[in-house]
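> Quick one: this structure, given as structure tokens, is what I'll be asking you about.
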Amino acid sequence: DAGVIQSPRHEVTEMGQEVTLRCKPISGHDYLFWYRQTMMRGLELLIYFNNNVPIDDSGMPEDRFSAKMPNASFSTLKIQPSEPRDSAVYFCASSLAGQATSPLHFGNGTRLTVT
Amino acid sequence: GQQVMQIPQYQHVQEGEDFTTYCNSSTTLSNIQWYKQRPGGHPVFLIQLVKSGEVKKQKRLTFQFGEAKKNSSLHITATQTTDVGTYFCAATDSWGKLQFGAGTQVVVTP
């Protein structure tokens, strides 16, 4: 099992540019999560999907952030336009069942730097 | 949603010593999970506790869930340099969302 795969590993972009982060969950996992990690705020849940359907996006900071899951093996998190305060490590995670009962498997993350 | 508070925030340990990190909540938890994140890495699931008073061991790591299910602890014996990292507890809030604590960052001195 390859685990959760995220790309790119690092992204450096200028303020105002569009950024797209990609995630391939573990095959067979019905849940997919996007987290953001910063020193100040720790690990924050942005949005999660169940069977490709967004269930809770209350953690998405603002309209500049959007996430999609067109099929069971692919999800994207897009930031448009990006701002310096978006700089963080973005993790994708998947789980077999809901997060209340099933461990999360995290990808290696995307380190985003917005200058 | 509820918050889980972790203490201490930082832990400097001499190699070979024991230490404990704690996770506390003001509300009763349905379960609690523990994760470890190595420097520059991603969180890795360690264990889940569900039952009141439950104790689970993984080699030198001992996890405990309080009787009232409001707190949990992780005790590491004979700390090794491989134990370096940040340990997070995570608990499900009333909306079914997993909330992570701020973590305990562990530094091991050889």
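> For region B:15-64, give the magnitude of the charge dipole about the Cα centre (Cβ charges: +1 Lys/Arg, -1 Asp/Glu; no others), in debye to the nearest 20.
So the dipole magnitude of region B:15-64 works out to roughly 220 debye.
> Order of A:31, B:87 from fewest to most other C-beta atoms within 10 Å?
The most exposed by this proxy come first: A:31, B:87.
> Can you pull the mean other chain C-beta count within 10 Å for peptide B:31-43?
Averaged over the peptide's residues, the number is 4.
> Sticking with this one: What's the percent breakdown of Cα-Cα distances in chain B across 5 Å bins, shortest bin first?
The calculated distribution, bin by bin, is 2, 14, 24, 26, 19, 10, 4, 1, 0.
> Another one. I'd like the antiparallel share, as a percent to the nearest 5, of DSSP beta bridges with both residues in chain A.
Here the share of antiparallel DSSP bridges comes out near 90 percent.
> Could I ask something else about it? Magnitude of the Cβ-charge dipole of chain B, K/R +1 and D/E -1, about the Cα centre, nearest 20 debye?
With Lys and Arg at +1 and Asp and Glu at -1, about 300 debye.
> How do A:13, A:115 rank when sorted from fewest to most other Cβ atoms within 10 Å of their own Cβ?
Placing the least packed residue first, the sequence is A:115, A:13.
> Follow-up. Put +1 on the Cβ of each Lys and Arg and -1 on the Cβ of each Asp and Glu in chain A; which of A:4, A:101, A:45 then has its Cα farthest toward the positive end of the dipole?
It is A:4.
> Using each residue's phi in region B:95-106, evaluate 6.51 cos²θ - 1.76 cosθ + 1.60 at θ = phi - 60° and report the 3J(HN,Hα) Karplus result to the nearest Hz, with x for Gly and Pro.
Running phi through 6.51 cos²θ - 1.76 cosθ + 1.60 with θ = phi - 60° gives 9, x, 9, 7, 9, 8, x, 6, x, 10, 8, 10 Hz.
> To continue, here is another question. Would you mind checking the radius of gyration and Dmax of region B:24-71 based on alpha-carbon positions, in Å?
11.9, 35
> All other residues with a Cβ under 13 Å from the Cβ of residue A:7 taken together, and with Lys, Arg as +1 and Asp, Glu as -1, what is their net charge?
Computed value for this residue: +3.
> Provide the FRET efficiency to the nearest 0.05 for the residue A:76-residue B:7 pair, computing r from the beta carbons and using R0 = 41 Å.
0.65
> Amide H to amide H, which residues 5 or more places from residue A:83 or on other chains are under 5 Å from it, using H placed in the peptide plane?
Excluding prolines and chain starts, which carry no amide H, the hits are A:16.
> Now a separate question. Under a Cβ-Cβ cut-off of 12 Å, what is the net charge of the residues other than residue A:76 that fall near it, where Lys and Arg count +1 and Asp and Glu count -1?
Within the 12 Å Cβ shell, the charges total +3.
> With +1 on each Lys and Arg Cβ and -1 on each Asp and Glu Cβ, and nothing else charged, work out how big the dipole of the protein assembly as shown is about its Cα centre, in Debye to the nearest 20.
Dipole size: approximately 380 debye.
> How high is the relative contact order of region B:1-89, in percent, with contacts defined as C-alpha pairs under 8 Å that are six or more residues apart?
Computed value for region B:1-89: 35 percent relative contact order.
> So, one more: List every residue whose amide H lies under 5 Å from the amide H of residue B:47, counting only residues 5 or more places away in sequence or on a different chain, with H placed 1.01 Å from N in the peptide plane.
B:34
> Quick check on the exposure proxy: order A:29, A:10 from fewest to most C-beta atoms within 10 angstrom.
Exposure proxy ranking, most exposed first: A:10, A:29.
> Normalised by the residues of region B:53-97, what does the relative contact order come to in percent, with Cα pairs under 8 Å and at least six apart?
Reported relative contact order: 25 percent.
> Relative contact order of region A:1-112, please, whole-number percent, based on alpha carbon pairs below 8 angstrom and at least 6 residues apart.
36
> May I pose another question? Size of chain A along its principal axes in angstrom, Cα-based, largest extent first?
If we take the Cα atoms of chain A, the spans are 37, 28, 28 Å.
Read-outs throughout are calculated quantities, based only on the coordinates presented, and are distinct from any laboratory measurement. Note that the structure is a prediction, hence the values are computed from the model and not measured. Ideal geometry is used to build each Cβ from the backbone, glycine not excepted, and the neighbour counts take in all protein chains shown.
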